[in-house]
Amino acid sequence: MDKQEWMQELKQKANQMQIILSDTKLEEFYQYMQLLQTWNEKMNLTAITDEKEILFKHFIDSLSILPYIEQANCILDVGTGAGFPGIPLKIVQEDKQITLLDALQKRITFLEEVIKTLGLSKIEAKHGRAEEFVKEKGQREGYDVVTSRAVARLSVLLEYMLPFVKVGGLCVCMKSEKITEELEEAKKAIELLGGKIQRVEEIRLPQSDMIRKIVIIQKIKNTPSKYPRKAGTPAKDPIK
Ligand code: SAM
């Protein structure tokens, strides 16, 4: 598939989600895809390396949560890895302030290169574990929306995410189709951390059978200061 075909396909699929991508943005996505492929040869960034798969499973999938971040000014993407969903959202929503957070330094080095090459502004890539980074100035309850994809089970994930969310703000968790058991298991954590299930949306990605569940948790009160517990504890001993 050549560059023009690839950009055409991305444009079409985005159109089906009511997202209009200008030629400049299509170029940015193409550059990002190329950087991902090149860097992936020297470090493990993603198991998805085929250009068509990157287009669909990384870019289109990330853009599927665009409607849920539209009201936000300030967004954090926890466990962003190679930048998903944070970078695709940034390319499309230039005006939002986005922070990308990951526990692995090599992924942050890659993200810094992406930010520089694409000339993105109002975005920063930070190295750290969520449980530690939240202690830095301005982080606790500092975001309108916190996003995540493929980071942890909800009961663990929400202990990472909810402390960063302002009261009234949202956690947008990208999950796979089967979510019932995970949601049930996370009820206690949601309540203790100051959240409430606002809704669970089902999305079918364009021209595919791929179903996503988007779990949206609203923060209704401050997260008690004892959360998150020390780094590693949420994963080892999830709130039950
Ligand atoms: N969100 C990306 C995606 O969907 O492609 C990456 C998913 S990857 C499976 C999970 C990422 O979460 C890894 O890059 C890992 O370093 C990061 N991670 C896991 N626990 C974390 C924590 N407590 N704080 C920050 N990052 C974390």
Looking only at region 87-103, decide whether some residue is of a type outside the set (Lys, Arg), over 19 Å from Val151 (Cβ atoms), in contact with a strand residue (DSSP E or B) (Cβ under 9 Å, 6 or more places away or on another chain) and surrounded by 14 or more Cβ atoms within 10 Å (Cβ to Cβ). yes
Could you please find all residues in region 130-155 being near the ligand (Cβ under 9 Å from one of its atoms) and either under 22 Å from Val215 (Cβ atoms) or open to solvent by less than 20 Å² (accessible area, probe 1.4 Å) (or both)? Ala130, Glu131, Phe133, Thr147, Ser148, Arg149, Ala150, Val151, Ala152
Taking interchain pairs and intrachain pairs at least six residues apart, which have beta carbon atoms under 7 angstrom, with the first residue in region 183-203 and farther than 14 Å from Val215 by Cα and the second basic (Lys, Arg)? Lys188/Lys240; Gly194/Lys219; Gly194/Lys221
Quick check on region 212-240: of everything there that is in a strand (DSSP E or B) and away from the ligand (no atom under 16 Å from the Cβ), which residue is surrounded by the most Cβ atoms within 10 Å (Cβ to Cβ)? Ile217
With respect to Ile179, determine if the residue is surrounded by fewer than 21 Cβ atoms within 10 Å (Cβ to Cβ) and closer than 24 Å to Gln16 by Cα. no
Quick check on region 157-167. Is at least one of its residues surrounded by fewer than 18 Cβ atoms within 10 Å (Cβ to Cβ) and on the phi < 0 side of the Ramachandran plot? yes
Just one of (1) in contact with a strand residue (DSSP E or B) (Cβ under 8 Å, 6 or more places away or on another chain); (2) over 22 Å from Leu35 (Cα atoms); (3) more than 16 Å from the ligand (Cβ to nearest atom) trips up Lys122, so point out which. (2)
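The values are calculated or read from the model by the stated rules, or taken from the named source; none is laboratory data. Quantities reported herein were computed from a predicted structural model and do not represent experimental measurements. For neighbour counting, all protein chains shown are included, and Cβ atoms are generated from backbone atoms with ideal geometry for every residue, glycine included. Each accessible area value is taken on the protein alone, full model and side chains, heavy atoms only, with ligands, DNA and RNA left out. Shrake-Rupley method; radii C 1.70, N 1.55, O 1.52, S 1.80 Å.
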